[in-house]
Amino acid sequence: MVYTPQLTELMKKVEETRPSRVGVDFPRMTQEERRDVLEKFHPDYNLDGFREIKVGVNKGARMPIEMADVFEAYSRIRDLKFDLKADPHYDVDVLVIGGGGAGASAALEAHSTGADVLVATKLRFGDANTMMAQGGIQAADKPNDTPATHFLDVMGGGRLENVPELARALVMDAPLVIKWLEDLGAMFDKKDEGTMITGHGGGTSRKRMHTARDYTGAEIMRTLRDEVLNKGINVVEFSPAVEIILDEQGRAAGAVLYNLETEQYEIARAKTVIIATGGSGRLHYRGFPTSNHHGATADGLVLGYRAGAKTIYADSIQYHPTGGAYPPQLLGLLVTEKTRGLGATPLNINGEQFVYHLETRDVESSAILRECDERGLGVPLPTGIEAVWLDSPLIEIIHGEGTIERQLPAMLRQFQRFDVDIRKEPMLIFPTLHYQNGGLLIDDDAHSTVENLYVAGEAAGGIHGTNRLMGNSLLDIIVFGRRAGRNAAAKSREIPVPEGLNFEHLDSYHQELDNTGAGDGRIGPMVLPHYTHR
Amino acid sequence: MVDIFIMGKRYKVPETLTILDAMEYAGYQMIRGCGCRAGFCGACATVYRMAGGYELLVGLACQTKVEDGMYLAQIPFFPGRKAQFDLEEIKPSVAHFAQLYPEVYRCLGCSSCNKVCPQDIDVMQYIAYIQRGDFEKAADLSFDCLMCGLCVSRCPANIVHYNAALTARRLYSRYIAKPDRFLAERAQAIENGELDAEIDKLVKADKEKLQELYNNREIEK
């Protein structure tokens, strides 16, 4: 019990209304109601948070201010000299930048075709948002479901702004991905006879969410990581790529790696390069807390963009409806959507439900912002912010005692550490910055708009339109990670070792920054977030 | 505000912070010892002792609140061994496991691992299950492991529990848990191109048509 006497008093209203809410479904919104709440309350519709980028291939495109700041920045290596004619430190077929789920999948797939692969990653191998994805992974592998049905959910959830060919690749590869993971010994929740146990997520029309308790991403990540190590693939940790190197014809040909511990730069030459660097929650758009890991600072987007890769939907950000709000140590922490999937509902200060609990994430978040903002029915917290309740004890009433311990062990433990028992006490939640819907534009081969440069995972854009559904990101990283790995390896077999390595793209980017004054002395990519309070 | 001692140096930090936030508050730029910041990745294993006390305590820096008089240091990396194996070549048997991780059979039963596990896992028990060849129980009991390495740091028998557990889980999932038969059929159907026509119709459909189909789609109860 960490709730203050005031909160405990307010919690009584939740307990009072609970019996009348059991088994009663709150109505879903109509399309018009959805559009209305999004336009009025979703942060993406508030233009104050954006500006047009002044340089590069998408000049004039709208971006969150914090993202534009890291894009409009000078290279870290601007004043350094590199001998690109000398033997490079690493010389490989395929360079994978990023050691999360997408990078690991890409590395495994490229390696399986015989390519010489190097994985360079900023933090530890596996320090990635993949590790934190709790809720599940979608795939249409039940008799009442088909990839086409999954496709409709993906497109509708993405406001029909998805690139249809990318959504097609996502859903058609999905069962293949689950099969691949099953064969690799990932421990999915199953019935005794082997059938995967699947449930709903926000915006799904079939129960196709596969889970590994509420450690789904962690289970996938540690399995993939173990397999990469089994295969003896070279993984260099604490060595972020800070710039892409191009060849004499402007094709990707490697990267500059920066050893965070020795502070030395190293050159990696590669016939093909895969950017799998993930998202950007640590840029804290509009001051939101984030559910993202320590390294989510948009580095790959920045280097890819400087090398000439186009972006898509850079202005589309996902706020997860249920971020932790209290106790303060849990601020921004992801409360998995599986919690709502199991029946927990959001409630206002009066203990009343105000939105169907499984609307798509954009709509659900906007409804929570409206409840606190326009309607003034948020729960005031001692920390000065507002929140709404998420009635987790309902889960035990609906599915029986012990369900939370079995199905949500991570959530239970995390709140218990700070003395909240979510089996008996409702959680306090508020939207948290969760996902970058857009990214670098790819085609269904995971190829970017720069030759020999591939992109996979959260760094890629177009798959999810302007709103991603739960369970489609774990899917996306593996689908496009494998496609990137396979295609980058195939391409590397067709081409010679690149020649005429250069940084001319940086010179012209810097020139543009100088001419427009947009750079303002900033250096990028960010590499590490700064939380030093002094 | 409370006083904490990071690697022996004193800093004043607000008492509401986690160890991780407190280190940043004190001025540290985190590189190692920090990963997901949410209790899932095991990067921030921390060892501490309270002023005047002798007992070594442990926790994840992102999941543990600071307390007055905490003397702390992080374990940035632990050189635990991982056995390389081909999952298709090994089987869930004691004989195979003994070749990969012979040290698990040297467990002294001291329970040091249990005392330091930040996830409160009964580590010693799952090692016992592995010794016995009960990979199903080992997989289930070890499932919530974050691979932070604190158990390994304290084990007098030099067991690398988290790697042994991961191998046990992969063996269980690959060979003991039954495969999903319908999944295999569906994957085969996709590879044979049997589902192409249905989806290609949707890929080619215009937005209006898609919106209509989406709005009227049937939702499974």
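The values are calculated or read from the model by the stated rules, or taken from the named source; none is laboratory data. Just so we're clear, the structure is a prediction, and the values are computed from it rather than from any experiment. Positions of Cβ are generated from backbone atoms using ideal geometry, with glycine treated the same way; all protein chains shown enter the neighbour counts. Please note that ligands, DNA and RNA were not included when accessible areas were found on the heavy atoms of the full protein model with its side chains. Shrake-Rupley method; radii C 1.70, N 1.55, O 1.52, S 1.80 Å.
Scan segment B:159-176 for residues that are surrounded by fewer than 20 Cβ atoms within 10 Å (Cβ to Cβ) and either within 10 Å of B:SER142 (Cα to Cα) or facing chain A (nearest Cβ under 9 Å) (or both) and jot them down. Before you say what the answer is, go through the steps one by one.
Of all residues in segment B:159-176, those surrounded by fewer than 20 Cβ atoms within 10 Å (Cβ to Cβ) come to B:175-176.
Result: B:TYR175, single match.
Residue pairs whose Cβ atoms lie under 7 Å apart, sitting 6 or more positions apart in sequence or on different chains, and linking a residue in segment A:404-416 that is within 10 Å of chain B (Cβ to nearest Cβ) to a partner that is charged (D, E, K, R) and open to solvent by 10 Å² or more (accessible area, probe 1.4 Å), are A:PRO409/A:ARG213; A:PRO409/B:ASP144. Scanning segment B:42-69 for residues that are part of a strand (DSSP E or B), in contact with a helix residue (DSSP H, G or I) (Cβ under 7 Å, 6 or more places away or on another chain) and open to solvent by 10 Å² or more (accessible area, probe 1.4 Å) yields B:VAL58, B:LYS65.
One line per residue, one yes/no per condition, for (1) closer than 26 Å to A:ARG282 by Cβ; (2) touching a helix residue (DSSP H, G or I) at 6+ places or on another chain (Cβ under 8 Å); (3) at pLDDT below 95:
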| site | (1), (2), (3) |
| --- | --- |
| A:TYR454 | yes, yes, no |
| A:GLY465 | yes, yes, no |
| A:LYS491 | no, no, no |
| A:ASN502 | no, no, no |
| A:SER508 | no, no, no |
| A:HIS533 | yes, yes, yes |
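Yes or no: B:ALA45 more than 9 Å from every other protein chain (Cβ to nearest Cβ) and in contact with a Cys (Cβ under 8 Å, 6 or more places away or on another chain)? It is true that B:ALA45 is more than 9 Å from every other protein chain (Cβ to nearest Cβ) and in contact with a Cys (Cβ under 8 Å, 6 or more places away or on another chain). Among the residues of segment A:325-343, the ones that are within 11 Å of chain B (Cβ to nearest Cβ) and within 21 Å of A:ARG18 (Cβ to Cβ) come to 1 in all. Checked against (1) on the phi > 0 side of the Ramachandran plot; (2) open to solvent by less than 10 Å² (accessible area, probe 1.4 Å); (3) in contact (Cβ under 8 Å) with a residue 60 or more places away in the chain, A:GLY194 passes all but condition (3). Could you tell me which residue of segment A:221-257 is nearest to A:THR211 (Cα to Cα), considering only residues that are open to solvent by 30 Å² or more (accessible area, probe 1.4 Å) and of a type outside the set (D, E, K, R)? Going through the qualifying residues, I end up with A:LEU229.
Determine whether segment A:331-353 contains at least one residue that is among the aliphatic types (A, V, I, L, M), part of a helix (DSSP H, G or I) and either open to solvent by 20 Å² or more (accessible area, probe 1.4 Å) or at pLDDT 95 or above (or both). Show your work before the answer.
At the first step, the residues of segment A:331-353 found to be among the aliphatic types (A, V, I, L, M) are A:331, A:333-335, A:342, A:344, A:347, A:349.
Checking the rest, the ones that are also part of a helix (DSSP H, G or I) come to none.
Scanning segment A:331-353 turns up no residue that is among the aliphatic types (A, V, I, L, M), part of a helix (DSSP H, G or I) and either open to solvent by 20 Å² or more (accessible area, probe 1.4 Å) or at pLDDT 95 or above (or both).
The lone criterion from (1) within 30 Å of A:THR466 (Cα to Cα); (2) open to solvent by less than 10 Å² (accessible area, probe 1.4 Å); (3) in a helix (DSSP H, G or I); (4) touching a helix residue (DSSP H, G or I) at 6+ places or on another chain (Cβ under 9 Å) left unmet by A:ILE395 is number (1). The residue list B:LEU195, B:LEU183, B:LEU210, B:LEU202 contains one member that is farther than 13 Å from A:LYS179 by Cβ, crowded, with 17+ Cβ neighbours inside 10 Å, at the interface with chain A (Cβ under 7 Å from one of its Cβ atoms) and touching a Pro at 6+ places or on another chain (Cβ under 7 Å), which is B:LEU195.
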